[in-house]
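Notes follow once the structure below has been shown.
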Amino acid sequence: MPQLTRRSLAAATAVLLGATALTACGSDSDDEADAGSGPVKLTYWAWAPGMDKVAALWNAKHPDIQVTVQKQASGDDLVTKIITAAKARKGPDLVQAEYQALPTLVTNDALADIGPEVQGVEKKFAPGVWQQTTLGGDAVYALPQDSGPLMFFYREDLFKEYGLTVPTTWDAFAETARALKKKAPKKSLTTFSANDAGLFAGLSQQAGARWWTFEGDTWKVGIDDAATKKVTDFWGGLVAEGAIDNQPMYTPAWNKALDTGEQIAWVSAVWAPGTLTTAAPATKGKWAMAPLPQWTEGENATGSWGGSSTAVTSDSKHKEAAAKFAVWLNTDPEALAALVKESGIYPAATAAQTSGALAKAPDYFANQPDFYTKAAEIAKTTAPAAWGPNVNVAYTAFKDEFGKAAKARTAAAFAKALTAVRDTTVDDLDKQGFEVAK
């Protein structure tokens, strides 16, 4: 994949820009530093809690480069703000950016290529995670900060009670769901939820999907590719036959189902213990984690759900210094330990995934002392992801269309939903002025 920049796209218009006003910016201090009066001063827009405490560790040891963290909202609000700032040439030096937001920021010329400043750093990350910061090309637009490898979480006690075996393939997963229904008709193995597209994207990623690809001046949208159709047919089929539930996640009803054992498994990411602690407090110590089922026995791949990076903006007058801080933040043992403690992240750097604060299993999974050891092995198998400049549009369409399909409970409705998501995504790219392969 060639280096992706806004300038390489014909007649492209701004993404996500609306009436959002430009607020706090980070360039005012640069002129002072350029004049030689004191240390280099960098601003870092981030939403993770406690990031200022982590930066304070750097500042204490690097008097020549001082970093100020400015707390921001996350998601689309921050992306819009960054793009607005970039157009006014008033952006900060660094930003915390979700992986799926990187193409949008790159195509708006908001991020700098820091490849020359971070040579060799890629060895500290799983290839599938690193690829998300390069967009598959030679340029490096960010450094991985945290990741969310997908795993299979299940009620160990109830699996034993009902004589179920932890599935290693998706076919076995389906048979497990059916077997549970026969033994306990009021229970479900899990649910299909349409209220968070990130999980479906990760499952499609594991299957080999490439939702957006780029060649020359043209984007190709593959949301309805063979891999994603396979995932859609699988989950839609289970919902249609009543083998699993069709209710959304994160609702009081979903919490109750997990806490009472009405649902006995959840396909989720490494951060699931935190959610389960709140959603199903009565079941603490009764869950276990295993690798994600595979499409073919013997394969070893997972998808990802969530995660963010540290990027240097195109507005930074101190690209080298900013890149130096980004490398420290995401590879230095002290910085990574602080990120785990203060920000509650699962670090993308492989060496940090079984050390320090992650050497001990989460309290909720105290019955599985090797939790993070297993998680680290799974994280290494993260498959590459392919994001595009309008992920937000695709995700919104998924929520709408797959929400209807889940209620309809028919395989045809799921197939129709996938086509609708793809068409909505393509139409939006057309409307914005991107060249799109038909």
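Here are a few things to note about the model shown:
- Pick from region 224-243, criterion touching a Leu at 6+ places or on another chain (Cβ under 7 Å) and not hydroxyl-bearing (Ser, Thr, Tyr), ranking: surrounded by the most Cβ atoms within 10 Å (Cβ to Cβ): 231
- Verdict on residue 402 being surrounded by 20 or more Cβ atoms within 10 Å (Cβ to Cβ), in the same structural domain as residue 326 (by TED's automatic domain parsing) and not hydroxyl-bearing (Ser, Thr, Tyr): no
- Conditions (1) touching a Ser or Thr at 6+ places or on another chain (Cβ under 8 Å); (2) without any contact (Cβ under 8 Å) to a residue 12 or more places away in the chain; number of the one not met by residue 91: (2)
- Matching residues in region 149-207 - criterion: being in a loop (DSSP other than H, G, I, E, B) and either more than 25 Å from the chain's Cα centre (by Cα) or free of Cβ contacts under 8 Å to residues at least 24 places away in the same chain (or both): 162, 163, 164, 165, 166, 184, 185, 186, 187
- For region 17-39, the criterion of being modelled with pLDDT of 90 or more, of a type in the set (A, V, I, L, M), surrounded by fewer than 15 Cβ atoms within 10 Å (Cβ to Cβ) and over 25 Å from residue 198 (Cα atoms) is met by no residue.
- The sole residue among 370, 400 that is modelled with pLDDT of 95 or more, of a type in the set (Asp, Glu) and more than 24 Å from residue 294 (Cβ to Cβ) is 400.
- If only residues of region 139-188 that are among the polar types (S, T, N, Q) and open to solvent by 30 Å² or more (accessible area, probe 1.4 Å) are counted, the one that is farthest from residue 270 (Cα to Cα) is 165.
- Residue in region 261-277 that is assigned by TED's automatic domain parsing to the domain that holds residue 84, open to solvent by 10 Å² or more (accessible area, probe 1.4 Å), out of contact with any strand residue (DSSP E or B) (no Cβ under 9 Å at 6 or more places or on another chain) and within 30 Å of residue 103 (Cβ to Cβ) present: no
Here is a yes/no grid of residues against (1) closer than 21 Å to residue 213 by Cα; (2) modelled with pLDDT of 95 or more; (3) open to solvent by 20 Å² or more (accessible area, probe 1.4 Å); (4) in the same structural domain as residue 310 (by TED's automatic domain parsing):
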{"position": "96", "(1), (2), (3), (4)": "no, yes, no, yes"}
{"position": "104", "(1), (2), (3), (4)": "yes, no, no, yes"}
{"position": "110", "(1), (2), (3), (4)": "yes, yes, no, yes"}
{"position": "133", "(1), (2), (3), (4)": "yes, yes, no, yes"}
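- Test: residue in region 112-125 that is under 30 Å from residue 40 (Cβ atoms) and in contact with a Lys or Arg (Cβ under 6 Å, 6 or more places away or on another chain): yes
- Residues satisfying the stated conditions in region 85-136, i.e. of a type in the set (Gly, Ala, Ser), farther than 23 Å from residue 72 by Cβ and touching a strand residue (DSSP E or B) at 6+ places or on another chain (Cβ under 9 Å): 126, 128, 136
- Restricting attention to region 116-128, the residues being part of a helix (DSSP H, G or I), in contact with a helix residue (DSSP H, G or I) (Cβ under 8 Å, 6 or more places away or on another chain) and either in contact (Cβ under 8 Å) with a residue 24 or more places away in the chain or hydroxyl-bearing (Ser, Thr, Tyr) (or both) number 3.
- Pair list, Cβ < 8 Å and 6+ apart or interchain, from region 53-67 residues that are closer than 18 Å to residue 316 by Cα to residues that are of a type in the set (Val, Ile, Thr): 55/67; 55/68; 55/69; 64/40; 65/40; 66/40; 67/43
- Candidate set: region 348-380, residues that are free of Cβ contacts under 8 Å to residues at least 24 places away in the same chain and of a type in the set (S, T, N, Q); chosen: the one farthest from residue 304 (Cα to Cα): 355
- Residue 220 assigned by TED's automatic domain parsing to the domain that holds residue 175, touching a residue at least 12 places away in the same chain (Cβ under 8 Å), open to solvent by 50 Å² or more (accessible area, probe 1.4 Å) and more than 19 Å from residue 197 (Cα to Cα): yes
The values are calculated or read from the model by the stated rules, or taken from the named source; none is laboratory data. Predicted, not measured: the structure shown is a model, and the values here were computed from it. Virtual Cβ from ideal backbone geometry, glycine too; neighbours counted across all protein chains shown. For the accessible areas, the whole protein counts, side chains as well, though only heavy atoms, and no ligand, DNA or RNA atoms are used. Shrake-Rupley method; radii C 1.70, N 1.55, O 1.52, S 1.80 Å.
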